[in-house]
Every structure is written in C-alpha cells, then in structure tokens.
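These notes concern the structure reproduced below.
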Number of protein chains: 2
Amino acid sequence: MKLTILFVISAFVINAQKYDSTFIKSIYNEALSKGDSYQSLRSLCKDIGARLSGSAEAAMAIEWGKKKMESYQFDAVYLQEIKVPHWERGTKESGWIRTQKGKLIKVNLLALGGSIGTNGLLEGELVLFNHVDDLKKAKKSSIEGKIVFINQAMNEKEINTFKAYGGCYTLRGNGAVEGAKMGAKAVLIRSVGMPLDKHPHTGSMHYEDSIQKIPAAALSTEDAEFLGQLLKNEKASFVLEMDCRSYEDATSYNVIGELKGSTFPNEIITFGGHLDSWDTGEGAHDDGAGIAHCLEALRLLKVLNYRPTHTLRLVLFMNEENGNKGGKTYAKWVKEKGEKHLAALESDRGGFSPRGFQCDGNEKFQTLLKSFAPTFAPYELSEFGKGYGGVDISPLKDEFPGIPLFGFVPDSQRYFDFHHAPSDVFESVNKRELELGAAAIASMIYLLDRHL
Amino acid sequence: MKLTILFVISAFVINAQKYDSTFIKSIYNEALSKGDSYQSLRSLCKDIGARLSGSAEAAMAIEWGKKKMESYQFDAVYLQEIKVPHWERGTKESGWIRTQKGKLIKVNLLALGGSIGTNGLLEGELVLFNHVDDLKKAKKSSIEGKIVFINQAMNEKEINTFKAYGGCYTLRGNGAVEGAKMGAKAVLIRSVGMPLDKHPHTGSMHYEDSIQKIPAAALSTEDAEFLGQLLKNEKASFVLEMDCRSYEDATSYNVIGELKGSTFPNEIITFGGHLDSWDTGEGAHDDGAGIAHCLEALRLLKVLNYRPTHTLRLVLFMNEENGNKGGKTYAKWVKEKGEKHLAALESDRGGFSPRGFQCDGNEKFQTLLKSFAPTFAPYELSEFGKGYGGVDISPLKDEFPGIPLFGFVPDSQRYFDFHHAPSDVFESVNKRELELGAAAIASMIYLLDRHL
C-alpha cells in the first residue's frame, strides 16, 4: 500500500517535472527565436532615453510602458499614481583642477543625484582622502573651507562586483554629509565604477537636516586616478560649477499589467524592474534590461497560452533610483487592498548572461528554490541560494513579513562598467544575453505559480 | 585505530583543501589587482594584429610571445619549428548582387580561408538553398554553371552557442565541395555568426583532390538575410571578385615556456592557446584571449613562487585555424622525446566570464575534476563535466591514449558575435572577464600539478 502510494507520488512528481521542462523549453524557444525583449529595450533606450523621476522622459516612459502592455493584450493594464522627488542636473556642470603652477585641467564629472548646485563658480583647495572613513577621522581644521576629494576605489579583488559596490555605498551616499561635518565646501568622489575609464558614474546621495548642504560630484576613475597621484606630489585646487537643483515632488506612476489567476485571482505574484533611470546614458542595463526582461516574461507566458493559477502582476516601478517611492507606494496599496501576496521577483542587476536566482526567504523557500535547479540546468543556470530580492520589492517585506523575495542573478562582471554612467546605452547589452534573462524570468514566474 | 586513521586522513584532506584555497585566493588577488593579461592582449592585438599562419604578423607574434615569456623569466623559453599552410586573402575581395532589373547591391563578404580566387570577375545566376543538406539532394541540372547561395543560419535556440556552431560546420567546411559536385562555379554561404549584423565571418574550408575547386565566400548575416528574401521573390545573379590564393608551406614556430618540475621534471602538464588567428579583426577572443590567459597563468604561478612538482609547459600553438600543424607537430615531438604526459589544457573559447572546465578523460579524471568544484565555488565557477579539450591539444590523444584533455569553459553567449570576424578586436574583451579566466586557468594548472 505504502509502496503504491510512493510510486504514484513519484510518478506524479516525475510527470510534473517533465511537464515543467517541456513548457520551459517552449519559453526559451520563443524568447530566442521570436522574442521581443531586444526590440523593447532598443525602443526604451532610443525612443525614450534616460528617464529620471520627474522628467519629461519619465512621463514618456510611463506612456510607453502602458502602450507596450496594451499591445501585448494583458488581462489588465493600469497606472498607479505616486509622488516622486524631482531633481534636475541643469545645464552647467564643469570642473577643473588648478595645479600649483596655475595650469587648468578639465575633468569628466557628474553631480551626484540630489546634490545642490554651486551658485556660480566655486573654488577651493583640495584635500585628499583614500577612504571615506579616513575623512571621518581627520582634523576639522585641515578641511575647513576646502574641497574634499575621496579617491576610494571599488575593491577589484571581490569576485562578485556587487560586493565591491556595497563597499563604496557610504562613499557616495554619505560623502557630502561627512565632508560638511568637517566644514568642507564641496565633496568630490572617485566614481563608483570598476574600470579605469573616462566615464563618471552618478548615483544617489543624501543630506541631513542638521548638517550644512554642500555640492557633491563624482570624477571619472581616470581623472580620479590622475588627481590622486597629483595630490601626492603637490597642492592643487578645484574649480566647480553645477546648477543642479531639486524641485517640488512630482506626480508620477507605476505601470502595472496582469495575467489574472484562474483559480486564485486574489493571490498575487509580483515581478518587475524599475522604469526610471539616472539621467545619463540610456539606462540600458540599469534598469532597461529589467523592464525588457519582465515585459517579455509576461508576454511569453501569454503567447504560450499559459493560464496562471494565481494572478501574475508585472510592475514597472517608478523612482527606484532616488526615493523608491514606487516600491513603497505599491507595497502599501497591496496591503490596503487586502490581497494575499505569495512572492515577488525583481530584475535589477543588468541584462547579462543568466547565472541563477537568489531568495531572501526561509528554509521552505530555499528548499523550493533549490528544487528548481535541475529544471534550469539545461539553460546553464546554477546559482540558487540565499540572497537579496531587489530595492523595488523590498517594501513588501514590511507589509507581508515572511514573503519570499526573489532576485534574478545575471553575471556581475561588466555591470559596474556601465552603472549610472553615460556608457549605459543600448549597445552595451547583448541580444542573446538579454533574451536568456527574459526566458529565465518567465520560467521562474511559471515555476512559482505552479509550485507555491 | 580505524577511527584515528580516518581522522588523520580527514584532517589531511581538509588541510590540503585549505592550503589549496589559500593559494588560489592569492592567484585571484594577483590577477585582479596586479594582472598583466589585459595589457598582454592589448599588445598582441594592437602591436601585432591579425596573424594568419605564414604572414609577417604571425612571424612577429612568435617573436612577441618569446620575448613576453623571457620577460616573465620562465625556466626555459624556446621555439619549436613547424611547417604551416600559407594562404593569403590578396587585395581584391568584392561582391555584388545584380537584381533582375539590373540594380547592383554591394555586400559585405569574406573569402573562406583556403579558397581559390575568381581570376577576375566571376558572374553567375544565384541558386538559393536554406541548408547544405538541401544542396546535396538537389538536381545537378538546376545548379550547373550557377552560383550557389546557402542561407543556413546558426540555430539560435541552442543554449550553448558552440552546439549551434557545430551544426554549421559542414556548411562552411564542405559547402564548396558539395557545390562543385553539382557543377556550381562558386559557393556563397551565410556567415557562421550568431547576430544579424554587417560583419562577415571567415573560417576554414576544404577541397577534395577529385573535385573541381571553386571559390567560396561568406556574406554577412544581414546581407544573407536580404539576399535570401530577395531570391524568394525574383531571380538574381552575383558578381564576385577575389584574388586570394595559397602559397607554398611556410616555416613557422610554436612558442614554448616552462616552469620545471621540482620532483618529476620529465612528467609534463601542457597548456596553452593558439597564437595564430584569422586575418580579419585582431584575433582578440580567438584566440588572443587564450594566449593572454595562459601566459598570465604561468606568470601568476611564477610570481607567487610556486614550485611545481611536474613540469608546467605553456605552448603558444601556431596554425590552429587552418591545419593544426602546431598541435600535430608538438604531439609527435613529445612522444619522440619519451616524456611522460600527465594532462593538457586549452583555452580557445574566448575571454568571457568563466563558467568552469570540462574534461574528455575517463571516470577517474571526471571524479578528480568534480572534486575541484568546491574550491572553485567562491569564484563562481560551476560547470565541471565531460567535454572537449581543444583543437591544439587533441593530437596528444593519438600519441598518449587515455591522457585527459581539459578545456576552459567561459560563457559562450557572445563568442559567435566576434568569431573570425572584423569585430573580434581588443575592445570586445572585458578586462575583468579576461583576468578571471587567467586566474581560473592558473588555479586549475596548480590543482592538476598537486593532485595528478
């Protein structure tokens, strides 16, 4: 009797796996031979371009996303209103090193996102630090009235570049506050980018109410390397002009599309990326790729006539880069609606060759995730372990404690060549790598719907 | 007693693994922070350039390789003389579609390597086939005196692009012979490249003594796509001029460097890539990357003061692309010298992010390979299974049956964007991806030396 049951269960499991494998093969075939992800990304990058929250391009991106979803004939397509910070780079953004002998050397820089402007030309003697922590330990008298330059590089010895990024997060985020505490009149940082090149990398920074606001900008790694060497040998000053500024919060939207659950329409699996980007380059890897991945994932399930058990909800989140208002508003709204939320998944690590998925959930979800590994093996995905979901979906954790958040994990090696830099353009994304990401995400959403 | 032995053995194994892990960490640190692989590749691509067997550039590459090895102060650096085929593209290489209405449309093409020229302008009506197998089944009368165009694409549904490449190998290799059997006066193929773009991809083809030699060229995938569509709707002809030709075999060299074995100097582990390339682009991924990987691997072991047990022999093989005379000559020479050959490893799949290693050896070697997986896990390598070693090292199998041949496996997705095409230039290689490959290969050579 027991044996019979075991046999029946085993046969059922094997059949289910076979069914999954067959369907997932059809997902990959469609994505690789008739996929739309690469054209989506091209259109988002070229027809819209960079799309910082509050910009005209962000508004156009919302319209673009909604129309794209409607063209795919999802069951429901709608906008969710949110309020977002609105910061603009302005039209003036220049910087020069003035050497001891008075020679001017122009550098490539970008204001950090959220920085105040300089109100005309701002000049000051440079003080060099190699790490943001060294600045904290310095004497205030050696910094007052000067411009701080922090030449802290990403740790190239880290194998996973996101770990190296984590090590520089306070540099970019807190550099201005730490400099201002010491009386500096501006802070320059080395771009948080991996290669030595001419592209500056912007990104979010913050001020504190009780601390003087001072301008903050990032130099390209090549310029930072040069300036770091120069300051070892001689004194130099810096001339900076930036007219970036913040405006009143703007109205914006998350863009939402769904395939309704056939059995449990009120039980939701959310997945997506973020529609906003920094205002430089084209936001191709960050996070045009995630948008293209997730739009394509739901399109693939739709055209393959998959009828989900639960409602699959695709969200193109607005404002991940400087406020996460899209993610925060979405999580509250879901909670207020009284929906049951099963899981969420995010793609925000670029459009590179897929390596696997990670999940922040408990043992039960870790076991589930690992159980998918054999199904993904033919597609060369092998990383299935504990890890972070994503910024946009993280507020769901506050509203639904214990909800498993899944993160798509592509190869990380090239991500910080492009992140928040003018080089993050459509041409930096490889067609097959993008398509394989879309297929992997469609497959994971399918497996979660079937096995959660 | 038994328990004690088990404990001692376990402790020994754990200590050995810890020792390996510590040393491998130092390999990665050196490669990522003070590595020379990227500069090597830059120099090979920019100071030498494309380097087909028999060319002046191939001769310069040999000098370059020897000097590079000498600068690294390997224990022995020497050349091994070989004879190589010598084919030159010449100065004339053009093709036009002539439409039914007489409109001329110039296309991007490359003669296949080894092709004869056209002896002036050659024109003929085009006959379309979608697969080389369809050509074999066609009526001779429909082909005689015409130009065959085979519009066979790589199968984009294959996850690993090398499998898709395998499916097109007879297209490029045998297309001319199959066309000539049917009385065609030339054969055009769709380039064996994955993306739809303007770059034609060359590569080796062969003739048979008893079959008429006819010219063979590859059109860019974009031009092939266009021509394939055109020929569905109307007749067209093709005008071709190529003055490529073969010359007498030339004298050339494998470049060899060694770290001598401290315990078993006459027991050899060979590893390398191929120094020659096709004559278009800069041979960056194919196989400049393999050369940079392996030069760096031995340099890393040398600068980290590793004293190998067995002799580690780095070979920069000449003539992989059109004859494999380097690999064949090397294998015979090793056999004649009476050396014991433990294993060989090749890197010839590009400079992309590492995924693992494969081995063609028996169960014992498969077990050994798999035992390395935990040591490589922190470096995000996960593929350790059965597979091909490489073209250059494969003749060793004839001389030493049972010898395990290892192949380095980087991510395959972008390889056939560049393979044998003008786009295979230094800029297509990412610094970190290349460095990680060099570190992985150094680590594998170290592990083989320690555990074989």
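One table, with the values for the structure above:
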{"quantity": "Residues that are within 30 Å of B:H86 (Cβ to Cβ) and of a type in the set (S, T, Y), drawn from segment B:302-352", "calculated": "B:T329, B:Y330, B:S347"}
{"quantity": "Yes/no for B:L434 being in the same structural domain as B:L275 (by TED's automatic domain parsing), at pLDDT 95 or above, outside any loop (DSSP other than H, G, I, E, B) and crowded, with 17+ Cβ neighbours inside 10 Å", "calculated": "yes"}
{"quantity": "Matching entry among B:L171, B:L121, B:L110 (being in contact with a strand residue (DSSP E or B) (Cβ under 7 Å, 6 or more places away or on another chain), more than 22 Å from B:S277 (Cβ to Cβ) and at pLDDT 95 or above)", "calculated": "B:L121"}
{"quantity": "Failed condition for B:I143, given (1) of a type outside the set (D, E); (2) within 30 Å of B:Q413 (Cβ to Cβ); (3) without any contact (Cβ under 8 Å) to a residue 60 or more places away in the chain", "calculated": "(2)"}
{"quantity": "From B:A61, B:A111, residue being small (G, A, S), within 24 Å of B:R299 (Cα to Cα) and in contact with a Ser or Thr (Cβ under 9 Å, 6 or more places away or on another chain)", "calculated": "B:A61"}
{"quantity": "Any hit, segment B:127-148, residues being at positive phi and not assigned by TED's automatic domain parsing to the domain that holds B:R313", "calculated": "yes"}
{"quantity": "Subset of segment B:67-94 (residues that are under 18 Å from B:E320 (Cα atoms) and not in a loop (DSSP other than H, G, I, E, B))", "calculated": "B:L79, B:Q80, B:E81, B:I82, B:K83, B:V84, B:P85, B:H86, B:W87, B:E88"}
{"quantity": "Residues (among the hydroxyl-bearing types (S, T, Y) and more than 11 Å from every other protein chain (Cβ to nearest Cβ)) located in segment B:14-37", "calculated": "B:Y19, B:S21, B:T22, B:S37"}
{"quantity": "Long-range neighbours under 6 Å by Cβ, at least six apart or interchain, first residue within 10 Å of chain B (Cβ to nearest Cβ) within segment A:375-393, second buried (at least 18 other Cβ atoms within 10 Å of the Cβ) and charged (D, E, K, R)", "calculated": "A:E383/A:R355"}
{"quantity": "Yes/no for A:G356 being modelled with pLDDT of 95 or more, at the interface with another protein chain (Cβ under 10 Å from one of its Cβ atoms) and buried (at least 17 other Cβ atoms within 10 Å of the Cβ)", "calculated": "yes"}
{"quantity": "Some residue of segment A:316-334 being acidic (D, E), modelled with pLDDT of 95 or more and more than 23 Å from A:S37 (Cβ to Cβ)", "calculated": "no"}
{"quantity": "Of all residues making up segment B:104-127, the number that are buried (at least 17 other Cβ atoms within 10 Å of the Cβ) and either among the aliphatic types (A, V, I, L, M) or assigned to a loop (DSSP other than H, G, I, E, B) (or both)", "calculated": "14"}
{"quantity": "Count - residues of segment B:179-191 that are touching a Leu at 6+ places or on another chain (Cβ under 7 Å) and crowded, with 24+ Cβ neighbours inside 10 Å", "calculated": "6"}
{"quantity": "Hits in segment A:161-178 - residues which are within 21 Å of A:D411 (Cα to Cα), free of Cβ contacts under 8 Å to residues at least 40 places away in the same chain and crowded, with 17+ Cβ neighbours inside 10 Å", "calculated": "A:C168"}
{"quantity": "Selection count, segment A:247-269, where residues are touching a Pro at 6+ places or on another chain (Cβ under 7 Å) and in a strand (DSSP E or B)", "calculated": "2"}
{"quantity": "Flag if B:I150 is within 30 Å of B:E57 (Cβ to Cβ) and either away from chain A (no Cβ under 14 Å) or of a type in the set (A, V, I, L, M) (or both)", "calculated": "no"}
{"quantity": "Counted residues, segment A:383-399 - those being buried (at least 20 other Cβ atoms within 10 Å of the Cβ) and not in a helix (DSSP H, G or I)", "calculated": "5"}
{"quantity": "Evaluation of B:V334 against (1) among the hydrophobic types (A, V, I, L, M, F, W, C); (2) within 14 Å of another protein chain (Cβ to nearest Cβ); (3) not in a loop (DSSP other than H, G, I, E, B) (one fails), failing number", "calculated": "(2)"}
{"quantity": "Some residue of segment A:95-103 being touching a residue at least 60 places away in the same chain (Cβ under 8 Å) and part of a loop (DSSP other than H, G, I, E, B)", "calculated": "yes"}
{"quantity": "Of all residues making up segment B:402-429, the number that are in a strand (DSSP E or B) and more than 12 Å from chain A (Cβ to nearest Cβ)", "calculated": "4"}
{"quantity": "Residue that is out of contact with any Ser or Thr (no Cβ under 8 Å at 6 or more places or on another chain), more than 30 Å from A:Y247 (Cβ to Cβ) and of a type in the set (D, E, K, R), where the choices are A:K328, A:K337", "calculated": "A:K337"}
{"quantity": "Set B:Q80, B:Q100, B:Q73: member being buried (at least 16 other Cβ atoms within 10 Å of the Cβ), more than 14 Å from chain A (Cβ to nearest Cβ) and at pLDDT 95 or above", "calculated": "B:Q80"}
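Residue-wise test of (1) outside the structural domain of A:F416 (by TED's automatic domain parsing); (2) among the basic types (K, R).
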{"residue": "A:E234", "(1), (2)": "yes, no"}
{"residue": "A:D279", "(1), (2)": "no, no"}
{"residue": "A:C294", "(1), (2)": "no, no"}
{"residue": "A:K302", "(1), (2)": "no, yes"}
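The values are calculated or read from the model by the stated rules, or taken from the named source; none is laboratory data. Here the structure is a predicted model, which means the values were calculated and not measured. Neighbour counts are summed over all protein chains in view; Cβ atoms, including those assigned to glycine, are modelled from backbone coordinates with ideal geometry.
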